[in-house]
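Note sheet for the following structure.
The values are calculated or read from the model by the stated rules, or taken from the named source; none is laboratory data. None of these values were measured; they are calculated from a predicted model. When we count neighbours, we look across all protein chains shown, and the Cβ atoms used for this are built from the backbone with ideal geometry, even at glycine.
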Ligand code: SF4
Ligand code: SF4
C-alpha cells in the first residue's frame, strides 16, 4: 500500500514537472514568437509540432473510426466493451491536435479563417474542414456518455436516433483526412526524399491509419488492464492481432511494389542517413511485427501481442516523422533537431491527454463494468465474450 | 496579357541597385550589412548572388500556376492575370504550408515577430497593375533585369541564346519549370551553381494534388452508400444486440 502511494506521488511529481516546463515554454512561444521558441527556420518551416503532434496525433486517434466502423457498421459486436475508451482517446487526441495547432500557427487567432475563406484546391483546407467536422462528430459520439452520467434522457434519445448516420459521417471524414495528411506532401515531388514520396501517399496514410487503429486498441486494452484492471479477453485481442497482420501485410506489399516501380528500391543500398531511418521504420516497425503476428504462439500471448502492437505504433510514428522531417531535410540541406521548448510543449500536451483520460475514466462511465452497480453488466459482457470464444478462437 | 521579368546574368554587374530599390518599395531597411547577406529573407526579398565574377538574382518566380497559391488553405496567395503572385496578409493564418511547398523555397517568415507574416516578392503588383514596371527593372542600369510582355521576353531570350550560344547555358530557366514562371533567367553558369534546381517537373505542381482532390466528391458519395449498405445488411444482428443491450441496462437499474 505504502509502495503504491509512493509510486503515485512519483508520477505526480513527474506530471507537474512536465506541466511546469510546458507552461514556461508556452509563455515563451506566445510572448517571443516562433523564432525564439523553436528551431524552425525559413529552410525548415515545419517541425515536430506538425510532424509529431498533428500527423501522429491524428494517426494515433484512428482507433476511433476503425472501431466505430467495426462495431456499428460491420456489427462486430464483441468489440463493444472497448468502444468507449477508444472514442474517448480519439476525442482527446483530436482536441490535443487542435491545441498543438494553436502553438504552430503563426497567427493562431485566425484558425477559423478556413471556415470563411475557401481554397478547395488546398489539401490543407480539406484537412482543416475534416478535422473540425470530425472533432464535432467525436464530441457527439462521446456526449451520450456524459449525458448518461448526468441522466439527461432527452438529448440522449436524440443522439441515439442519429447515431448511425453520425458513425458513417465520422468514418468518411476520417478516411478523407487520414489520407489527406499524406496528400499534403503530394505537391512536393522534388522535395520529399524518394523513399517516402509516392503518388500513393494518401493510400499509405489511410491503410496505416487502420493498422494503427487496431494496434492502438490492443495497446490501450493492455494499458487499461494495467491501470484500470479491465481488459478485453485475450482471444478477442488475438483476433484483432490477426486482422492487424493482414492489414500490415497489405501495406508492406504496396509499399515495396511502389518503391520498386518508381525505381527507388536501389536507394536502400546507399549508406545515407535517410536509409537508416527508412530501415528502422520498415524492418523494426513493419516487417518484425508482421512476422510476430503471423506466429500463433506470439499472437495468442499477452506479452507478444502487446509487443507487436507497440512496435507497429512506433513503426508508424517513425514513418510519419520520416515523411515530415527526415525526408524533407535533404532538400532543406540541414538537420532539424527540435528545441527544448518544442519538446516541452509536446510533452505537456501528451501528459495533459493522459490526465484528462484519467479524469474521464474516474467520473464517467467509460468502463461500464467498473464500480458496484455495474458489476452485473460486467458479468454479462464477460459471459457474452465467453460464449463467443469459439468464434473468436480458431 | 501576362507581364514578366527577364534577368540576363551575363549583363549583371552586381551593383545591387535592384536589391536597394526592392527594399525601398517594400519599406524595408537597406544598408551595407543587408547588402552583404547572400540569402533571401523576410527583410530581403531579392538577392544578387555572386560566384566569382558571375552573378545571379533570386526572387519569387511568380509562377504561372503557383504552388503557394494552390496549397494555401485560406487563399492568401493569388496569381493575378497580369503576372504577379500576390499575398494578402489579412487572410494568412501562418500555417507555412506555402513555405514548405514552394519548389523554389521563396516565401520567408518573420520568425522574430510575435505575430508574423509571410514575406515574398510580389513582382511589384501595385506598380504592374498600374501599368508601370517593377522597381528592380526600373533601376537596373545595364538592362540585366528587363520587364515586359512574357511572350516578347521569351522571344528575346531565345534570340540571345541563338546569337551568342557561347555566352550562355542553353536554357531559359522559367520557360517551363513547374509549368512556366513570370520570371525568366539566362545564365552562363549552370543554374544549380546558384541553387536553382534543374530537375523540377515540367508540369504545374498543383496538378499533383488536384488529381487526388478531384476524386473526393465521388469517394464521399460512394463511401456513404457503401457504409450505409453494409450497415443495412448487418442490421438484423444489431437488433438482436440492441435487445441484449436493453437487458443489460435493465440489470443495471436493479
Ligand atoms: S516561386 Fe514560390 S512563392 Fe513564388 S509564385 Fe512560385 S510557388 Fe509561389
Ligand atoms: S502561411 Fe499564410 S500564405 Fe502561406 S499557406 Fe499558410 S495561410 Fe497561406
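Check whether at least one residue in the range A:77-99 is within 16 Å of ligand 2 (Cβ to nearest atom), in contact (Cβ under 8 Å) with a residue 24 or more places away in the chain and closer than 22 Å to residue A:182 by Cα, and report yes or no. No, because not a single residue in the range A:77-99 is within 16 Å of ligand 2 (Cβ to nearest atom), in contact (Cβ under 8 Å) with a residue 24 or more places away in the chain and closer than 22 Å to residue A:182 by Cα. Residue under question is residue B:91, and the condition is that it be at positive phi and within 9 Å of chain A (Cβ to nearest Cβ); does it hold? So residue B:91 does not fit the description; no. Counting the residues of the range B:107-133 that are closer than 19 Å to residue B:145 by Cα and more than 16 Å from ligand 1 (Cβ to nearest atom) gives 6.
One residue is enough: does the range B:25-46 have a residue meeting the conditions part of a strand (DSSP E or B) and either closer than 23 Å to residue B:116 by Cβ or touching a strand residue (DSSP E or B) at 6+ places or on another chain (Cβ under 9 Å) (or both)? Yes, some residue in the range B:25-46 is part of a strand (DSSP E or B) and either closer than 23 Å to residue B:116 by Cβ or touching a strand residue (DSSP E or B) at 6+ places or on another chain (Cβ under 9 Å) (or both). For beta carbons closer than 8 Å, sequence separation of 6+ or different chains, a first residue in the range B:67-81 that is closer than 21 Å to residue A:132 by Cα and a second that is assigned to a strand (DSSP E or B) and within 13 Å of ligand 1 (Cβ to nearest atom), the qualifying pairs are B:76/B:87; B:76/B:118.
Looking at the range A:131-151, can you tell me whether even one residue there is within 16 Å of ligand 2 (Cβ to nearest atom) and touching a residue at least 40 places away in the same chain (Cβ under 8 Å)? Yes, there is a match, as at least one residue in the range A:131-151 is within 16 Å of ligand 2 (Cβ to nearest atom) and touching a residue at least 40 places away in the same chain (Cβ under 8 Å).
Residue B:207 - would you say it is within 10 Å of another protein chain (Cβ to nearest Cβ), on the phi < 0 side of the Ramachandran plot and not in a helix (DSSP H, G or I)? It is false that residue B:207 is within 10 Å of another protein chain (Cβ to nearest Cβ), on the phi < 0 side of the Ramachandran plot and not in a helix (DSSP H, G or I).
Restricting attention to the range A:117-162 and to residues that are within 16 Å of ligand 1 (Cβ to nearest atom) and outside any helix (DSSP H, G or I), the residue that is nearest to residue B:215 (Cα to Cα) turns out to be A:121.
Selection over the range B:67-101 of residues that are buried (at least 24 other Cβ atoms within 10 Å of the Cβ) and more than 9 Å from ligand 2 (Cβ to nearest atom) gives a count of 5.
Given the criterion within 14 Å of another protein chain (Cβ to nearest Cβ) and in contact (Cβ under 8 Å) with a residue 24 or more places away in the chain, identify the matching residue among A:224, A:180. One residue alone meets the criteria, A:180. Scanning the range B:73-88 for residues that are more than 7 Å from chain A (Cβ to nearest Cβ) and either within 11 Å of ligand 1 (Cβ to nearest atom) or in contact with a helix residue (DSSP H, G or I) (Cβ under 9 Å, 6 or more places away or on another chain) (or both) gives B:76, B:77, B:78, B:79, B:80, B:82, B:83, B:84, B:85, B:86, B:87. Screening the candidates B:180, B:195, B:143 for the property of being exposed (fewer than 15 other Cβ atoms within 10 Å of the Cβ), touching a residue at least 12 places away in the same chain (Cβ under 8 Å) and more than 14 Å from chain A (Cβ to nearest Cβ) yields one hit, B:143. Applying the criterion of being outside any loop (DSSP other than H, G, I, E, B) and without any contact (Cβ under 8 Å) to a residue 60 or more places away in the chain to the residues of the range B:107-127, the residue that is farthest from the chain's Cα centre (by Cα) is B:126.
Once the range B:95-106 is narrowed to residues that are within 11 Å of ligand 1 (Cβ to nearest atom), at the interface with another protein chain (Cβ under 9 Å from one of its Cβ atoms) and in a loop (DSSP other than H, G, I, E, B), the residue that is nearest to residue A:189 (Cα to Cα) is B:103. Taken over the range B:58-72, the residue count meeting the criterion of being assigned to a loop (DSSP other than H, G, I, E, B), near ligand 1 (Cβ under 7 Å from one of its atoms) and either more than 8 Å from the chain's Cα centre (by Cα) or under 19 Å from residue B:41 (Cα atoms) (or both) is 3.
Selection over the range A:173-191 of residues that are surrounded by fewer than 24 Cβ atoms within 10 Å (Cβ to Cβ) and assigned to a loop (DSSP other than H, G, I, E, B) gives a count of 4. In the range B:44-60, the residues that are within 14 Å of chain A (Cβ to nearest Cβ) reach residues that are within 16 Å of ligand 2 (Cβ to nearest atom) with C-beta atoms within less than 6 angstrom, at least six apart or across chains, in these pairs: B:45/B:121; B:47/B:40; B:58/B:40; B:60/B:106; B:60/B:120; B:60/B:121. In this structure, residue A:87 does not satisfy being surrounded by fewer than 18 Cβ atoms within 10 Å (Cβ to Cβ), more than 16 Å from ligand 1 (Cβ to nearest atom) and more than 23 Å from residue B:219 (Cβ to Cβ). Evaluate the range A:363-382: report whether one residue or more is over 18 Å from residue A:219 (Cβ atoms) and at pLDDT 90 or above. The answer is no; no qualifying residue exists. Within the range A:304-317, one or more residues are surrounded by 21 or more Cβ atoms within 10 Å (Cβ to Cβ) and closer than 25 Å to residue A:189 by Cα. What number of residues within the range A:81-101 are within 14 Å of chain B (Cβ to nearest Cβ) and within 19 Å of the chain's Cα centre (by Cα)? Qualifying residue count for the region: 6. For the range A:42-76, the candidate set comprises residues that are without any contact (Cβ under 8 Å) to a residue 60 or more places away in the chain and facing another protein chain (nearest Cβ under 7 Å); within that set, the residue that is farthest from residue A:321 (Cα to Cα) is A:75.
Of the listed requirements (1) under 30 Å from residue A:326 (Cβ atoms); (2) more than 16 Å from ligand 2 (Cβ to nearest atom); (3) within 12 Å of chain A (Cβ to nearest Cβ), residue B:40 misses just one: (2).
Taking the listed residues A:51, A:106, the one that is modelled with pLDDT of 90 or more and in a loop (DSSP other than H, G, I, E, B) is A:106, with no other qualifying. Taking the numbered list (1) at the interface with chain B (Cβ under 9 Å from one of its Cβ atoms); (2) assigned to a helix (DSSP H, G or I); (3) at pLDDT 90 or above in turn, residue A:165 passes all entries but (3).
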